[in-house]
1. What number in nm² do you get for segment 45-106 if you take the convex hull of its Cα atoms and divide its surface by four?
2. Using a 1.4 angstrom probe with every protein chain in place, what is the largest-first accessible-area order of 294, 120?
3. Please arrange 30, 99 by accessible surface area, largest first, computed with a 1.4 Å probe and ligands excluded.
4. Kirkwood hydrodynamic radius of segment 231-296 from all distinct Cα pairs, in Å?
5. Give the accessible area for residue 61 in Å² (nearest 10); use a 1.4 Å probe, count only protein heavy atoms, and leave out ligands, DNA and RNA.
6. What are the ³J(HN,Hα) couplings of segment 46-60, residue after residue, when phi is run through the Karplus curve with 6.51, -1.76, 1.60 and θ = phi - 60°? Round to Hz, x for glycine and proline.
7. Of all the Cα-Cα pairs you can form in segment 70-130, what percent are over 16 Å apart?
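The values are calculated or read from the model by the stated rules, or taken from the named source; none is laboratory data. Remember, predicted model here, so these are calculated numbers, not experimental data. We work out accessible area using only protein heavy atoms, side chains counted, and drop any ligands, DNA or RNA first. Shrake-Rupley method; radii C 1.70, N 1.55, O 1.52, S 1.80 Å.
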Amino acid sequence: MNGRDRNGRYEVKETLFPVSLFAVFLGVLFLMSGIHQGLVVLMNEMGWNQMIQTAVPMIYWAAVAVGLTFFTRKKIKSTYEEPLHMLAEATQQVSNGDFSVYVPTIHTADRLDYLDIMIMDFNKMVEELGSVETLKTDFVSNVSHEMKTPIAVIKNYAELLRNGKAADEEKREYAKNIEEAAERLSGLITDILRLNKLENQRIDPEIEVYDLCGQLEECILNYEEMWDEKHLDLEADIMEGAFVRADRSLMEVVWNNLLSNAIKFTDPGGNVAIRQKISEEYVEVEVSDSGCGMSKESIRHIFDKFYQGDTSHSKEGNGLGLALVKRILILMNGEISVVSREGQGSTFTVRIPKQRKQIGG
């Protein structure tokens with residue numbers, strides 16, 4: 001037995017002290033009372049004096065009481081105290097920053113009680129806290145790394161300009177590189193601040209009802225130059241009257257990130273498709289490309305901060321775009337999923353709750 005029901009949930013005992021345990025107590029007391037009665041009969045037949053006949057039952061029941069007390073004490077200690085002491089010690093270790101703590105369950109999987117479930121939840125919580133701490137450390141490391149690159153570019157080209165030996169054409173090229181590095185640094189800082197506000201819920205969305213069709217068309221036109229530069233085939237299948245209730249500016253961040261990624265990871269001459277449809281509950285938008293695709297490992301981490309599955313394109317981004325997209329959609333009560341295979345492209349699907357009736361319509 002693995003201790004799970006048909007739905008995959010653990011079968012948990014409702015009490016730590018089942019009726020069977022009290023039945024044992026009752027049976028023992030009945031047995032002891034029977035023995036007591038036998039002692040009384042025996043002492044009467046043997047003609048013991050009154051003092052002995054009084055003392056023997058008292059000693060007998062004292063021994064019974066001590067035995068039951070020690071048994072109850074042991075049961076309480078093994079059932080409650082020892083597990084709670086382990087949890088208390090583990091909690092103290094976690095509060096001191098040790099996330100390698102693991103508390104074993106008291107029973108096997110087929111005999112779990114709610115204290116075992118609490119221990120399992122504690123272990124899961126500690127594991128999650130450890131992951132968060134690791135992400136925090138990685139975040140600081142990645143931010144430092146991402147900032148160093150454009151700063152180094154700015155510093156190097158500024159030194160070349162200060163030397164004054166470059167020709168006018170070279171100076172213009174240096175200035176352009178400095179400008180691009182400064183824009184990248186500015187974009188990184190903006191994305192970090194925006195993501196931090198989203199994660200800490202310090203952004204008050206300006207919710208409005210609007211037609212998603214128009215916004216998608218505007219975002220697509222913004223990338224017209226990039227389409228032409230890479231000679232990409234664009235397929236746009238957009239339905240009119242797709243009204244949603246969301247923050248227009250935040251949703252623009254979503255579409256811009258998905259479109260720019262589709263263009264970035266698609267080779268020249270490839271194709272990108274934007275399809276929007278309306279279901280009973282959602283407005284659904286698919287952004288597909290015929291690019292390099294992703295491995296299963298990349299798909300698992302694609303929405304993590306600073307994760308860049310294709311390092312060959314890492315210079316074109318900072319790994320925060322899809323993390324921003326995920327947080328924004330959570331804030332908008334939406335969702336995003338991805339289907340991808342290496343060498344066959346990727347499809348990102350965004351679902352936003354549909355506004356059933358246009359306000360003022």
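1. Convex hull of Cα atoms, orientation-averaged projection: 6.5 nm².
2. Largest accessible area first, the residues go 120, 294.
3. Reading off the accessible areas and sorting them downward yields 30, 99.
4. Roughly 13.2 Å, rounded to one decimal.
5. Counting only protein heavy atoms, residue 61 exposes about 80 Å² to solvent.
6. For segment 46-60, the Karplus-derived couplings read 7, x, 5, 6, 4, 5, 5, 5, 7, 6, 4, x, 5, 5, 4 Hz, x marking Gly and Pro.
7. Of the Cα pairs, 47 percent sit more than 16 Å apart.
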